[in-house]
1. Can you give the percent of C-alpha pairs in segment 10-53 whose distance is more than 12 Å?
2. Please compute, over every Cα-Cα pair in segment 63-165, the percentage with a separation greater than 20 angstrom.
3. Could you calculate, for segment 1-89, the ratio of the Cα radius of gyration to the Kirkwood radius, expressed as Rg to Rh?
4. State, in angstrom, two size descriptors of segment 124-217 derived from its alpha carbons: Rg to one decimal place and Dmax to the nearest whole number.
5. Would segment 1-149 count as rounded, prolate or oblate if I go by the C-alpha gyration tensor, calling it rounded below 1.5 in a/c and otherwise prolate when a/b exceeds b/c, oblate otherwise?
6. Please list, in order along segment 122-139, the HN-Hα scalar couplings obtained from phi with the Karplus expression 6.51 cos²θ - 1.76 cosθ + 1.60 (θ = phi - 60°), rounded to whole Hz, x for Gly and Pro.
7. Under 8 Å for C-alpha pairs, at least 6 residues apart: give me the relative contact order for the chain, rounded to a whole percent.
8. At R0 = 30 Å, how high is the FRET efficiency between Asp15 and Ala163 if r is their beta carbon distance? Nearest 0.05 is fine.
Amino acid sequence: MRMYLSSFRTGDAPDRLLALLDEPARTSEVAVIVNALDALPGEERQAALEREIDALTALGLRPVELDLRAFFDEPSTRAAEALSRFPLVWVRGGNVFVLRHALARSGADLALTDLLRRDAIVYAGYSAGACVLAPDLHGLERCDDPRAVLAAYGAPARRDGLALLDYVVVPHIDSPGHPESEVLGTVAELYRAAGTPHQPLRDGQAIVVNGGSTEIH
């Protein structure tokens with residue numbers, strides 16, 4: 001598997017993200033998923049999408065949105081076919097429970113799991129985009145409101161993660177410029193007390209997974 005999991009935005013080591021792609025892939029379109037923001041008003045969601053597009057374009061990539069809502073309640077093969085076109089998927093932060101629902105309802109959770117295990121795609125993203133890879137999302141409700149799933153989709157929140165990692169990524173730790181830093185510090189403390197495997201990240205840091213190698217930059 002190849003992953004670039006940042007605490008905030010592209011982090012301080014975007015060269016490590018680019019290094020996960022071979023040269024031909026760098027000229028291909030890359031998918032941008034911002035469904036973690038589906039509970040926000042449309043204009044806010046659009047503005048956030050445009051920021052992600054601009055940031056990835058500045059790295060020399062060719063980002064395009066892949067809106068998972070287009071695949072809701074469709075056969076899972078549709079999302080799998082769409083995702084298989086891309087060498088990289090960038091998953092923006094937001095509400096982890098909203099993102100988890102969108103991944104499940106579209107079938108993208110199963111598709112991404114398969115593509116990653118076959119090393120056919122790079123998974124990259126930040127904040128909720130990293131948190132959703134955990135085995136379980138319990139504890140993250142202290143930061144992200146699960147009721148946003150009901151507001152966005154009229155459905156209850158799921159608490160299972162994609163289980164592509166065997167620990168929870170806890171972003172924005174010791175990052176005084178981020179409004180969620182304090183509450184996520186509390187989440188990390190509770191995980192420590194409960195013995196829950198987790199990896200804290202401060203803004204600027206990223207976990208880089210490349211096959212059997214995992215590093216923090």
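The values are calculated or read from the model by the stated rules, or taken from the named source; none is laboratory data. Computed from a predicted structure; not experimentally measured. Reconstructed Cβ throughout: ideal geometry from the backbone, glycine too, with neighbour counts over all protein chains shown. Note: accessible area is taken over every heavy atom of the protein model, side chains too, but ligands, DNA and RNA are not part of it. Shrake-Rupley method; radii C 1.70, N 1.55, O 1.52, S 1.80 Å.
1. Tail of P(r) above 12 Å: 70 percent of Cα pairs.
2. The calculated P(r) of segment 63-165 puts 33 percent of pairs beyond 20 Å.
3. 0.97
4. 13.5, 40
5. rounded
6. Whole-Hz 3J(HN,Hα) from phi for segment 122-139: 9, 9, 9, x, 8, 6, 4, x, 8, 4, 5, 7, 5, x, 8, 9, 4, x.
7. Taking the mean separation of contacting Cα pairs over the length of the chain, I get 28 percent.
8. E(calc), rounded to 0.05, equals 0.55.
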